[in-house]
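Data first, discussion second: the structure below is written as C-alpha cells.
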Amino acid sequence: MPVFLLEVTYTSEAWTEMITHPQDRAQAVRDAVAGLGGKVGSFWTSLGEYDLVGIISMPDILSAAAFAMAISAGGACKAVKTTPLLTMNEGVEAMAKARTCGYQPVGNKAYPDEPSAPQGNKPRPTNRRQR
C-alpha cells in the first residue's frame, strides 16, 4: 500500500481549541483514514513550519488526495502537505529507470568552441549573435 508523509499547520483557532481541550490528532483521524481504506502510522507534534507530521498508508493516490482535501476543507488547518514516499528499493528502481529514459536537460550540449561550463563570473551568451 502506498505510504505518504502528511504535514499539517494548524490555524490559531485550532491551537486555541487544542490547548483548551488537549487531544491526540492521530486518534482523531484514524477513522477517516480507515474509511478510505488506509492506515495511520506514527504521528508527531513538530516545531517549525509544520505543527504535525505523520505517516499514513492509503490504497492509492486518489484516497490520499481525498483525505488531504477533507482536512483542508475542515478549516482547522492553514496548510496541508501530502508527499508520496518511496521505499529505498523503489527509489533505486526509479533511479535505474531515470538512467534509461533518454531525457536531455536544457544546456546539456556546450557551444562547439566553449568549455562545457562557464568559467568564473563570465556570463554565458544568451544567443549566438552576442558571441
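Side notes on the structure shown:
- For the stretch 39-53, a residue qualifies if it is among the hydrophobic types (A, V, I, L, M, F, W, C) and surrounded by fewer than 13 Cβ atoms within 10 Å (Cβ to Cβ), and the qualifying residues are 44, 47.
- Residues that are exposed (fewer than 12 other Cβ atoms within 10 Å of the Cβ) and under 16 Å from the mean Cα position of the chain (by Cα) within the stretch 60-83 comprise 62, 83, listed in sequence order.
- Single match in 16, 9, 20 (criterion: polar (S, T, N, Q) and touching a strand residue (DSSP E or B) at 6+ places or on another chain (Cβ under 6 Å)): 9
Read-outs: derived from the displayed coordinates by stated rules, not from any lab. These numbers were taken from a predicted model, which means no experiment stands behind them. Cβ coordinates were reconstructed from backbone atoms using ideal geometry, including for glycine residues, and neighbour counts include every protein chain displayed.
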